[in-house]
Amino acid sequence: MEKFTRLLLFAILSIALVTVAAVGDLSFKTTSTLSANGQVYQASQYNNGVILVTEASSYSASYVYYVTPSSASQLLSFTAPSTKYEVLTNVIVNGSTAVVNTFYVPVLSSQYPNETATTVNETTTTVTVLSGTSVVSVTNFKNFTFAYPTSEGLVYVTYYVTYNVTHKPQVFSEVKTPFNTSTFQGYVAYVYSYGKELIVVNASSPPSIPQQVATGLGNELSSATVSMIGGWSVNVQGYQGSSMYGNYLVVSNKSSTFVIDVQNGNIISSANVNGLILENSTLVIGSSLYQVVGESAGGTGSTLVVFNLTTKKYTTFNAMYSGYYLEGTNFYNDYIMVSGTQYLSPSLAVVILNSSGAIVYSNITSGTNAIQFGAVMTNGYLYKFISEEKESGPVTTIEVLQLVLPTTSTSSTSTTTSTTTTTSTTSTSTTTTSTTSTTTTTTSTSTSTTSTSTSTTSTTSTTTSTTTTTSTSTTTTTSTTSTSTTSSSTTTTSTTVPPSSTTSTSTTVPKTTTTTTSSSTLLIVGAVIVVIIIVALVAFLLRRR
């Protein structure tokens with residue numbers, strides 16, 4: 001019996017050691033350092049690498065690169081036709097297709113007293129479609145046109161300016177799909193595709209043109225209408241961004257972040273977290289929706305909000321150092337990468353969380369002469385972009401780091417401690433959403449009419465009429481959600497989400513100037529529990545002896 005007891009004790013201690021050893025470190029190793037002309041303007045995941053847009057000094061030229069761990073290959077370059085124009089380039093990715101929208105924007109001066117009208121009327125556009133790294137088509141437009149890749153083909157959004165009797169400019173947007181054309185008064189700042197249906201973000205006031213081009217989205221709008229053409233609509237006061245994944249569209253305003261079911265326009269959950277939302281910053285794993293909400297003006301940093309789509313509750317996790325602007329968000333497997341920048345002391349911060357919300361890696365890279373930063377995580381690599389001004393013009397250095405996965409064993413998985421530890425405090429809140437729904441059927445189309453109330457936003461329901469237009473006839477309307485030339489009649493729900501003063505707080509990630517690997521809170525707790533159980537078992541066995 002004594003021999004058996006000793007063997008059992010040895011087995012228990014071995015399991016303890018294996019369990020603790022299995023909690024490994026998430027880290028990176030530098031594999032290459034590359035270079036690109038211009039300063040980083042936009043970087044996105046594309047195929048197994050990154051599609052990078054850089055800009056020359058004074059926006060005199062744009063460059064498009066495809067970056068892999070071993071090379072930075074220039075695919076396209078665009079040059080301003082004269083010093084009276086700037087070149088701004090935006091890339092929108094859909095799978096292995098990338099649409100490159102290049103705008104030749106007039107440099108405004110005293111001869112252009114009306115910035116909005118001049119910018120729209122004098123801007124020309126080149127749309128280049130890439131399949132992988134090959135050019136499929138190039139189309140030129142004599143106006144300000146965005147092209148969006150969808151599963152049904154390209155969708156074009158064009159801005160037009162007209163003048164009323166008092167010579168005040170009025171802007172409207174034409175949205176053209178392979179099937180029909182719709183007209184909206186105001187600026188359509190972004191388009192989402194849901195099968196053959198389109199969801200548009202429409203603003204009555206113009207977004208900043210450089211910001212519109214850089215992000216493909218007009219953030220910080222005073223108000224916007226998010227709507228499915230011919231269906232539901234949600235009026236958002238203090239709109240600060242949106243992102244879509246599958247059946248869910250996440251929208252943020254100055255008081256909250258809420259999840260819309262795009263099938264019916266219902267607000268299914270809301271969180272007391274406000275801030276900037278970037279495109280492609282949403283992920284759904286099982287019943288959990290992950291959304292990064294950024295601090296757009298420094299301050300407390302960015303937040304990871306995890307919505308439980310079943311219970312309608314949410315949990316928040318701090319995801320960035322205090323004082324850093326949200327720069328980008330990427331997902332790789334179940335890792336969430338958040339990058340932030342600050343320019344008073346030029347530096348790039350990268351924080352990586354796992355699907356449990358625990359910070360598993362954090363790092364700050366300083367650049368004394370840096371003028372712009374960027375970061376993308378994809379296909380097991382982390383790409384850091386640091387732009388500096390040289391005598392010959394701006395140059396971007398690309399540091400490529402390979403992900404070193406945590407040490408694992410059969411008894412435990414994933415991440416924890418190293419010599420430097422970064423901690424994160426988790427706060428949990430609950431939002432209850434009640435929804436009632438009726439169905440109204442007209443001509444040949446039925447839509448859901450809903451009245452939605454949440455604990456964090458005050459919502460009201462009104463009804464407007466929205467119609468689907470044909471591809472050949474459009475007229476200007478006075479409603480931000482109305483279109484022209486009816487081919488069917490539908491009844492839509494309009495929900496207004498006003499701003500409020502409600503905000504949430506969270507603890508900040510401690511600042512460090514060295515590469516750090518932080519501990520996974522859940523794994524540490526698990527290890528402690530395992531040790532306690534082992535000690536109890538050992539004590540019990542010793543007492544039996």
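Just a few scattered comments:
- Of 120, 105, all but one fail to be part of a strand (DSSP E or B), surrounded by 21 or more Cβ atoms within 10 Å (Cβ to Cβ) and at pLDDT below 95; the exception is 105.
- Check on residue 270, modelled with pLDDT of 90 or more, under 19 Å from residue 223 (Cα atoms), in contact with a Ser or Thr (Cβ under 9 Å, 6 or more places away or on another chain) and not aliphatic (A, V, I, L, M): yes
- Boolean, residue 239 is closer than 20 Å to residue 334 by Cβ, aromatic (Phe, Trp, Tyr) and either within 18 Å of the chain's Cα centre (by Cα) or surrounded by fewer than 24 Cβ atoms within 10 Å (Cβ to Cβ) (or both): no
- Residues in region 192-217 that are hydroxyl-bearing (Ser, Thr, Tyr) and assigned to a loop (DSSP other than H, G, I, E, B) were compared, and the one that is modelled with the lowest pLDDT is 208.
- Of all residues in region 38-85, those satisfying the criterion of being surrounded by fewer than 24 Cβ atoms within 10 Å (Cβ to Cβ) and on the phi > 0 side of the Ramachandran plot are 47, 58, 59.
- On the stretch given as region 323-360, residues that are farther than 20 Å from residue 45 by Cα and crowded, with 20+ Cβ neighbours inside 10 Å total 7.
- Being of a type outside the set (A, V, I, L, M) and buried (at least 24 other Cβ atoms within 10 Å of the Cβ) is a property that holds for residue 374.
- Qualifying positions in region 170-191 - under 25 Å from the mean Cα position of the chain (by Cα) and part of a loop (DSSP other than H, G, I, E, B): 177, 186
- Residue in region 310-327 that is over 27 Å from residue 360 (Cα atoms) and among the hydrophobic types (A, V, I, L, M, F, W, C) present: no
The values are calculated or read from the model by the stated rules, or taken from the named source; none is laboratory data. Not measured: the values here are computed from a predicted model. For neighbour counting, all protein chains shown are included, and Cβ atoms are generated from backbone atoms with ideal geometry for every residue, glycine included.
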